[in-house]
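First comes the structure, then the notes that go with it.
The values are calculated or read from the model by the stated rules, or taken from the named source; none is laboratory data. As the structure is a computational prediction, the values presented were derived from the model and not from experiment. When we count neighbours, we look across all protein chains shown, and the Cβ atoms used for this are built from the backbone with ideal geometry, even at glycine. When the accessible area is computed, the model is the full protein with side chains, heavy atoms only, and any ligands, DNA or RNA have been set aside. Shrake-Rupley method; radii C 1.70, N 1.55, O 1.52, S 1.80 Å.
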Amino acid sequence: MISDFSANRIKVMGTSIFSTMSRLAFENKAINLGQGYPDFDGPQWLIDEAYKCMKEGKNQYAPTQGILSLRKAISEMQKKYYALEWNPDNEITITAGATESLYSTFQALINEGDEVIMFEPFYDSYQADVVLAGGILKYVTLKKPDFNFDINELEQAISDKTKFIVINTPHNPTGKVYSIDELKFISHLAIKHNLLVVSDEVYEFLTFDNAKHIPIASLPGMKDRTITISSAGKTFSMTGWKIGWAIASEQLTDAIRKVHQWTTFAVNTPGQHAIAYAFTKLNEYLPGFRNEYLERRNLLLNELRTTSFNAHIPEGSYFMMVDIPELVKLNDEKIAIELVKNYKIATIPPSVFYGKSDEGKKMLRLCFAKSNETLIAGAENLRKFKI
Ligand code: PMP
Ligand code: GLN
């Protein structure tokens with residue numbers, strides 16, 4: 001018998017729920033409203049640009065911190081949309097998706113035993129990253145119906161070992177967009193207790209109705225204690241390109257780059273050039289992009305009205321949570337399996353995004369970054385589910 005050589009710190013880790021549900025969708029020939037990725041391509045002009053970059057010979061290693069034109073484009077975007085000034089030389093780092101920015105940030109800044117507060121439901125890689133870095137997880141629950149948090153619960157979660165508060169706005173999986181008052185309160189605590197904030201803003205351009213995305217780094221006193229993370233995968237509907245970035249003060253960036261250098265060293269070169277070009281078109285691109293997603297959100301909300309699943313209207317991101325009907329006595333994982341196998345519709349059971357409460361057992365997450373046909377067919381299958 002071969003021994004188990006795996007390191008102790010990974011023994012608690014399972015397979016990502018996104019991979020599990022996409023595999024089940026494939027095996028059961030089900031409509032996939034589970035894993036969060038568009039089932040269509042990003043703009044053709046961007047594909048053409050990437051192809052052009054490859055033909056022009058932009059195919060060898062990029063500098064480890066990312067190509068300068070992309071770092072400059074991100075700096076200009078932050079200035080134009082949020083009035084934030086960042087030096088592209090030493091405050092912006094291009095990584096393999098937001099996933100690697102998150103990993104490099106936590107590896108770079110957590111010491112064994114440091115506590116990290118995150119709001120549940122959380123994006124699953126935060127939990128894994130903190131465990132891999134030797135940190136201790138503390139949770140604060142976003143509660144239905146608005147997915148707001150209790151300010152006392154947040155304040156009480158802070159101890160003398162706390163190093164980070166992690167936020168994600170617009171929020172996966174609930175579609176919540178943090179309000180200015182919530183951000184002010186988090187900032188107040190961060191400054192009072194000398195904490196860092198990781199702000200995952202990958203859906204920064206996906207807000208609906210009157211919701212407005214506010215980067216917490218733009219609040220007074222927050223610029224030097226925030227690591228802002230985002231990704232081109234969402235904004236340009238190219239999740240497979242895996243181009244993300246981390247923005248932070250020079251001192252924090254220096255630490256993050258040390259880990260990034262030994263993790264991926266550099267990110268694919270033609271993709272970086274193509275995304276730098278895409279940023280030059282951002283202004284004209286965004287209204288159509290937002291509108292298409294708004295239509296998809298509204299289509300799914302409308303379709304869901306005639307199912308047994310009550311939706312929580314998302315103000316941002318491309319996800320929504322639905323309640324499992326009360327009469328159904330199955331938890332989220334069991335019903336997700338039942339739905340994918342017998343009703344041919346894949347969803348995400350969100351209890352894996354919770355660390356302390358059972359709230360996730362009563363909901364499912366649906367992704368609406370899908371074509372109209374997929375959304376209609378998915379809702380049709382959900383409609384067949386009768387209590
Ligand atoms: N953060 C959140 C909240 C996400 O939803 C995702 C992916 N959907 C990521 C990070 C990872 O982004 P990337 O694909 O750029 O690594
Ligand atoms: N972030 C995507 C989601 O929330 C999935 C990304 C992944 O599979 N790693 O579904």
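Annotations
- Above-threshold pairs, the threshold being 24 Å between Cα atoms, out of Lys58/Lys223; Lys234/Lys258; Lys79/Lys163; Lys341/Lys370; Lys163/Lys223; Lys80/Lys258: Lys58/Lys223; Lys234/Lys258; Lys79/Lys163; Lys80/Lys258
- Segment 276-387 - Debye-derived log10 I(q)/I(0), Cα point model, q = 0.15 Å⁻¹: -0.67
- Tensor-based shape of segment 149-289 (alpha-carbon gyration tensor, a/c under 1.5 rounded, otherwise prolate or oblate): oblate
- Here the relative contact order of the chain, from alpha carbon pairs under 8 Å that lie six or more residues apart, stands at 25 percent.
- Cα gyration tensor shape for segment 53-192, rounded if a/c is under 1.5, else prolate or oblate: prolate
- Three principal axis extents of the chain based on alpha-carbon atoms, in descending order, are 59, 58, 53 Å.
- In this structure, the amide hydrogen of Ile136, modeled 1.01 Å from its nitrogen in the peptide plane, lies closer than 5 angstrom to those of Gly113, Asp114, Glu115, Val116, counting only residues at least 5 positions away or on a different chain.
- For the chain, the solvent-accessible area works out to 44 Å² per residue, with a probe of 1.4 Å and every protein chain left in place.
- Distant-in-sequence amide H partners of Ile227 (H built 1.01 Å from N, under 5 Å): Val197, Val198, Ser199
- Normalised contact order of segment 96-233, rounded percent, pairs of Cα under 8 Å and 6 or more residues apart: 23
- The share of accessible area on segment 11-106 that comes from carbon and sulfur is 54 percent, using a 1.4 angstrom probe.
- Packing rank of 58-65, 367-374, 110-117, 240-247, where each peptide gets the mean count of other beta carbons within 10 Å, highest leading: 240-247, 367-374, 110-117, 58-65
- Cα-based convex hull, segment 69-123, per residue volume (Å³, whole number): 124
- When each of the peptides 195-208, 67-80, 38-51 is scored by the mean number of other C-beta atoms lying within 10 Å of its residues, the order from highest to lowest reads 195-208, 67-80, 38-51.
- Ranked packing of 227-233, 213-219, most packed first, by mean Cβ within 10 Å: 227-233, 213-219
- Relative contact order of segment 231-380, taken over Cα pairs closer than 8 Å and 6 or more residues apart, is 19 percent.
- At q = 0.21, 0.23 Å⁻¹ the log10 of I(q)/I(0) for segment 1-99 amounts to -1.10, -1.15, computed by Debye summation with a single uniform scatterer per C-alpha, solvent ignored.
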